[in-house]
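Q: Handing you this structure, nothing more for now.
The values are calculated or read from the model by the stated rules, or taken from the named source; none is laboratory data. Since this is a predicted model, take the numbers as computed values, not measurements. Here the Cβ positions follow ideal geometry from the backbone for every residue, glycine too, while neighbour counts run over all protein chains shown. Protein only, heavy atoms only, side chains kept; ligands, DNA and RNA dropped before computing areas. Shrake-Rupley method; radii C 1.70, N 1.55, O 1.52, S 1.80 Å.
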Amino acid sequence: MPKSIAVIGASHDSKKIGYEIMRNLIKGGFKGKIYPINPKADKILDKKVYKSVTEVPAAPDLAVIVIPSPFVKDVMIECGKKGVKSVAVITSGFGEIGKVKLENELKQIADKYQMSLFGPNIFGIINSPAKLNASFGLPSYFPGNIAFITQSGALGIGLMGWTSMEKVGLSSVVSLGNKADVTEKELIEYFNNDDNVDVVMIYMEGIKNPIEFLKTKIKKPVIVLKSGRSEKGSKAVASHTGSLAGADKIYSAVFDQMGIMRANSFDEAFGWAVAMSQPKPKGEETVIITNGGGIGVLATDECETHGIKLLDDKKYLEQKFRKTMPEFGSASNPIDITGQGGDVQFRNAARIAFAESRIKSVIFLYCETSVTDPMAIATAIYEEHKSAGSNKPVSVCFLGGERSKLAIKLLNENKIPASSSVPIAVSSLAAVYKWHEIKSSKKEKVSKPRLVGAGKKYVDSVKKQKKSFLLEHESRQILESAGIKFPKSVFAKSVSDAVKQAKNIYPLAMKIASPDIIHKSDVGGVKINIKNEKELRTEYREMMKRVKKNKPKAKITGVNLVQMMKGLECVVGLNEDPQFGPVVMFGLGGVYVEVLKDVSFRVVPFGKMEAEKMISDLKTSQLFEGFRGMKVKKQDIIKTLLNIQKLAGVTKEVDINPLIVNEKGAFAVDARVIL
Ligand code: ACO
């Protein structure tokens, strides 16, 4: 943290940003040296003003630059010469309005003098333990353990205000703006080693250097709120900060792959961030304690959505909790202490829930009634949790008016995640589980698999021919060389040859083989479901007649006979994402791919664990677990997903649709390769 700060552009005018930054620094209680810089010298807020950074007695650790854009470059050079370690450029008018060259020059100056550059186009930097408020954001906020990084300035300032009102505690706030130099990666890694930070929350619009971002070391929980989910949203983002927004699904996949948790809204993101201070769950079984049946049902639904396992042992729950409720209460999970349940009943139920080792986490739900006191209930929950040694994760939802609002604040202030939303209360607990799963999961060391030997030679030889499309057998050979399996297939030159070779592969599909025919179906060159020798003889002759009539000049070399496959139709693709490079896609294929759009992505390279997650991420993942007796050899899908990565970098695009999966394996039935 900086021990001395220069404010270049500190203003005498109380309405200007340069004045506000000075005021925040002083009011915030920064203990280090503050050097206001202004050509008019004099004094600002009782501090001696220097005409230039070159005049200050010792090199400041940080220079906050708040002068019009045409002059920023020169003062940055002065800072560099003086030995300033970091600069925070508040000034707007760079990359975000197309002045990319000017912005790049700032980066070059920063590199030349080995300074870290924050911004440009930021509202500043805040650090609670150092009492540093070098910003024109809010003068005060609620201190805590969350590092908040924001790409958007205005939203960041707005959210600071919101967190302060909700008693969500911040340790640091960093405005990133155009991210000419310092990006999320450096900050996440910096906060990895900051003992005052337990969790990092990021508002992000786009990633400046995606490949570098992928290498970020995640050691603490990182929660991202990424805007631009919709088509229109992503266009708005692009014009907002000049950053490129990649396809949203790819972002989600990247976050998953990196162990970053993606929230859907800012209240969810901060809800999760508060929940991260909860202890590690010692198991799955959760109880809901509620004073209302309806809210209990809502929470049960949410638990199912988020995979939270509710303790389901009526006898046990009855035995433990019956005494905490009137006769008409319900001791099955959700434990309903009824509308007349107040602080005493909540306290009793909480005490049991925290003491019982079978119960691993607790959700408290409260609907405000006039006969109960929300503040007393919040206090009971907080006190019981504390006296049990904060031994298991809790999450709380209080639904009601002003009194409940104050109770929520009390809980958040005491690091018990609380909100007025059932989905947020439940997803916050789910986030605690997710983070501990991420933390304890083994990190796979993966390097990109490569296509070598004969396979690579073959690709190179086809590439030399500079074809815009590949023939079926060429695609097949390339994919086979990468280890992708195909159904049995034979090539036959004549009808008798076909009959001889087809013996073990019925039912089969017959496809015309000709270097002059690309679209076989269009000329009648495909016949499926041939079941026996008799049908094969007839169909062979018919096909030859049809094709000769439709394409008389085509040289026909014979037919390919391909075993017909039954099973689940899937799709596997390899594509080049403009931001993250090669990505692999997997999902339900055939006609379903367009309708269901149930696909998952991973950025190359990834290992077995991620390949498994590509399957479990699908909404239809149950189908791959032996749904209704349909058996699927999952290991073969995983192999396909790992092997296709060998073609990243050597091909432009691969599309296997369908990949038929059944109990025998995963087989590419139709595939297209673009080199
Ligand atoms: N060295 C030191 N001081 C200087 C220099 C210099 N080279 N040049 C000018 N100054 C002084 C000026 O004399 C002035 O002081 P004064 O008021 O005492 O006379 C002060 O610096 C400011 O200069 P101005 O020319 O008055 O500039 P102004 O304050 O109007 O604007 C600013 C400067 C704020 C940097 C503006 O150019 C700007 O970029 N505004 C947008 C900031 C922003 O929104 N950033 C993104 C935040 S995120 C969000 O969206 C909320």
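Q: Can you pull the semi-axes for the range 518-636, root of five times each eigenvalue of the Cα gyration tensor, sorted largest first, whole Å?
A: 37, 20, 12
Q: Listed here are the pairs LYS15/LYS112; LYS3/LYS443; LYS27/LYS208; LYS309/LYS633; which of them are more than 31 Å apart at the Cα?
A: Cα-Cα > 31 Å for LYS15/LYS112; LYS3/LYS443; LYS27/LYS208; rest within.
Q: Still on this structure, I have one more. Taking θ = phi - 60°, what integer Hz values does the Karplus form 6.51 cos²θ - 1.76 cosθ + 1.60 yield along the range 255-267, in sequence order, with x for Gly and Pro?
A: Using θ = phi - 60°, the values come out as 4, 4, 4, 8, x, 9, 9, 9, 9, 9, 8, 5, 6 Hz.
Q: What value in Å³ per residue do you get for the convex hull of the alpha-carbon atoms in the range 298-375?
A: Per-residue hull volume (Cα only) is 101 Å³.
Q: Separate question: With a cap of 13 neighbouring Cβ atoms within 10 Å, and only residues DSSP puts in a loop, list the GluC sites (Glu not before Pro) found in the range 242-323.
A: GLU284
Q: Still on this structure, I have one more. I'd like the carbon and sulfur percentage of the solvent accessible area for the range 587-672, probe radius 1.4 Å, heavy atoms only, ligands and nucleic acids excluded.
A: Carbon and sulfur together cover 53 percent of it.
Q: Over 27 Å between C-alpha atoms is what I'm after, so list which of LYS219/LYS631; LYS456/LYS597; LYS16/LYS179; LYS217/LYS608 land there.
A: Listed pairs above 27 Å: LYS219/LYS631; LYS456/LYS597.
Q: Okay, moving on. Leaving ligands, DNA and RNA out of it, report the carbon-plus-sulfur percent of the accessible area of the range 247-341 at a 1.4 Å probe.
A: After summing per-atom areas, the C and S share lands at 50 percent.
Q: Let me ask something else. Between GLU284 and LYS456, 0.36 nm times their residue separation minus their Cα-Cα distance comes to what? Each step should come with its number before you reach the end.
A: On the way: separation 172, 0.36 × 172 = 61.92 nm, distance 4.82 nm.
Length gained, GLU284 through LYS456: 57.1 nm.
Q: What is the sum of charges, Lys and Arg at +1 and Asp and Glu at -1, for the other residues whose Cβ falls under 15 Å from the Cβ of GLU368?
A: Taking every Cβ under 15 Å from that of GLU368, the sum is 0.
Q: Given q = 0.22 Å⁻¹, what are the Debye log10 I(q)/I(0) values for the range 589-675, with equal point scatterers placed on the Cα positions and solvent ignored?
A: So the normalised log intensities are -1.31.
Q: Which value in Å does the Kirkwood hydrodynamic radius of the range 470-543 take, with 1/r averaged over all unlike C-alpha pairs and then inverted?
A: When all Cα pairs of the range 470-543 are included, the Kirkwood radius is 13.2 Å.
Q: Please turn the phi angles of the range 168-174 into ³J(HN,Hα) values with the Karplus equation 6.51 cos²θ - 1.76 cosθ + 1.60 (θ = phi - 60°), one per residue in order, whole Hz, x for glycine and proline.
A: 9, x, 10, 9, 9, 10, 10
Q: Within 10 Å of each candidate Cβ there may be at most 11 other Cβ atoms; applying that plus a DSSP loop requirement, which chymotrypsin sites (Phe, Trp or Tyr not before Pro) in the range 495-590 survive?
A: Filter output for the range 495-590: empty list.
Q: Dipole size in debye (nearest 20) for the range 1-113 around its Cα centre, Lys and Arg Cβ +1, Asp and Glu Cβ -1? Don't skip to the end; give the middle numbers.
A: Working: 20 positive and 12 negative charges, 63 e Å.
So the dipole magnitude of the range 1-113 works out to roughly 300 debye.
Q: Then there's this: All other residues with a Cβ under 10 Å from the Cβ of ARG672 taken together, and with Lys, Arg as +1 and Asp, Glu as -1, what is their net charge?
A: Net charge around ARG672: -4.
Q: Accessible area per residue of the chain at 1.4 Å probe, in Å²?
A: 45
Q: Still on this structure, I have one more. Give me the one-decimal nm value for the distance between modelled label points at LYS608 and HIS519, 7 Å along each residue's Cα-to-Cβ direction.
A: 4.5
Q: Now, a different point. What does the charge count around VAL174 come to, taking other residues whose C-beta lies under 14 Å from its C-beta (Lys +1, Arg +1, Asp -1, Glu -1)?
A: Residues near VAL174 contribute -3 overall.
Q: ASN662 to LEU596: extension gain in nm, 0.36 nm per residue of separation minus the Cα-Cα distance?
A: On the way: separation 66, 0.36 × 66 = 23.76 nm, distance 2.07 nm.
Extra length available between ASN662 and LEU596 comes to 21.7 nm.
Q: Additional query: In the chain, with Lys and Arg counted as +1 and Asp and Glu as -1 at Cβ, which of these residues, PHE270, ILE528, TRP435, has the Cα nearest the positive end of the dipole, that is, farthest along it?
A: It is ILE528.
Q: Rounded to the nearest 20 Debye, what is the dipole magnitude of the chain about its Cα centre when Lys and Arg each give +1 and Asp and Glu each give -1 at the C-beta?
A: About 2940 debye.
Q: Sticking with this one: Report Rg (one decimal) and Dmax (nearest whole number) for the chain, counting Cα atoms only, units Å.
A: In order Rg, Dmax, the Cα atoms of the chain give 31.7, 104 Å.
Q: Which GluC sites (Glu not before Pro) in the range 351-448 pass both tests, a DSSP loop state and at most 15 other beta-carbon atoms within 10 Å?
A: Hits after loop and neighbour filter: GLU444.
Q: Shape verdict for the range 547-596, please, from the Cα gyration tensor: rounded (a/c under 1.5), prolate (a/b greater than b/c) or oblate. Working shown, then result.
A: Working: a/c = 2.87, a/b = 1.79, b/c = 1.60.
The shape class here is prolate.
Q: Given +1 on the Cβ of Lys and Arg, -1 on the Cβ of Asp and Glu, and no further charges, what dipole in debye does the range 250-399 carry about its Cα centre, rounded to the nearest 20?
A: On the way: 15 positive and 19 negative charges, 127 e Å.
The dipole magnitude comes to about 620 debye.
Q: Can you list the equivalent-ellipsoid semi-axes of the range 1-49, largest first and in whole Å, using the square root of 5 times each Cα gyration tensor eigenvalue?
A: 16, 12, 9
Q: Measure off 7 Å from each Cα along the Cα-to-Cβ vector at LYS631 and LYS485, then give the distance between these two points in nanometres to one decimal.
A: 1.3
Q: Can you list the HN-Hα couplings for the range 352-360, worked out from phi with the Karplus curve (6.51, -1.76, 1.60; θ = phi - 60°), rounded to whole Hz and with x for Gly and Pro?
A: In residue order, the calculated couplings are 5, 4, 6, 7, 6, 6, 5, 8, 9 Hz.
Q: Now for a separate question. Projecting each Cα onto the charge dipole of the chain (Lys/Arg +1, Asp/Glu -1 at the beta carbon, about the Cα centre), which of PHE398, ILE17, TYR382 comes out farthest on the positive side?
A: The listed residue farthest towards the positive side: ILE17.
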